[in-house]
Amino acid sequence: MSFLDVFGTPPGEDPPERGEAYSAPAWFGPPADELGAYVSLGVAVARSDRGVVAISHAIGYSTGLGFELVAQARDLSHRDTQRLFHEQHLPFDPDEPAAGFLRVGLELADGVRLSNLGGRRHWPSPEDPPPGPILMAHGGGGGMSSDRDVLMRPGFWMWPVPESGTIRLSCEWPLVGIPFSGIDLDGEQLRAACGRARKLWAD
């Protein structure tokens with residue numbers, strides 16, 4: 001007896017036909033049919049007495065790059081702990097985001113600047129491609145909190161694959177006293193990871 005004998009298609013029924021698979025546009029997120037190439041980074045971007053922002057890793061795909069950050073806040077008031085996750089939603093006014101909103105930006109080698117202040121709201125559907133490079137919230141590992149501490153693992157998607165040169169990653173987190181700060185990432189290392197992405201299906 002096999003697993004399919006027990007849990008498979010009931011006798012007399014044909015298995016359902018396979019429908020046409022949905023394919024999201026390249027800018028909307030990592031390709032669903034690819035295994036991305038992992039790049040371990042593990043470096044702090046900025047810190048203060050009450051907070052730290054670090055970049056854990058990047059994942060290269062044929063169409064772009066995924067990033068995952070680690071953001072931890074400590075010694076918060078009970079009120080700030082309760083509101084912090086809520087304030088990670090896109091700010092109503094990008095010129096005056098909430099103090100708890102973690103601002104993240106990239107500056108590419110050609111001087112183009114991208115940030116998470118715009119997000120997806122300017123593009124009403126996947127069928128409306130945005131002009132030029134973009135950075136948007138995507139994926140990530142959720143988070144957790146206690147009475148006075150918060151840990152978040154926000155994820156981001158950058159499209160398309162960047163051109164050669166250094167990428168400057170910047171952040172600012174006013175609620176925990178982290179000023180505008182940044183580090184340089186090795187753009188060639190990240191581009192190489194994009195070239196190592198592999199298709200999951202031969203067809």
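Each reported figure results from applying straightforward, stated rules to the coordinates on display, with no laboratory input. Please read these numbers as outputs of a predicted model, since none were measured by experiment. Neighbour counts are summed over all protein chains in view; Cβ atoms, including those assigned to glycine, are modelled from backbone coordinates with ideal geometry.
Run the simple label-point estimate for residue 188 and residue 38 please: 7 Å along Cα→C-beta, distance reported in nm.
With each label point 7 Å from Cα toward Cβ, the separation is 2.5 nm.
Local charge sum around residue 111 (other residues, Cβ-Cβ under 13 Å, Lys/Arg +1, Asp/Glu -1)?
On the way: positive: 113, 168; negative: 107, 110, 163.
Taking every Cβ under 13 Å from that of residue 111, the sum is -1.
Ignoring chymotrypsin sites (Phe, Trp or Tyr not before Pro) that are buried or in helix or strand per DSSP, and keeping those with at most 15 other beta carbon atoms within 10 Å, what is the longest stretch of the chain between them?
Result, exposed sites excluded: 93-200.
Lys and Arg at +1, Asp and Glu at -1: add these up for the other residues within a Cβ distance under 15 Å of residue 173 and post the number.
0
Rounded if a/c is under 1.5, else prolate if a/b is larger than b/c, else oblate: which is the stretch 52-179, with a ≥ b ≥ c the root eigenvalues of its Cα gyration tensor? Present the calculation step by step, with values, prior to reporting the outcome.
On the way: a/c = 1.94, a/b = 1.66, b/c = 1.17.
In terms of gyration-tensor shape, prolate.
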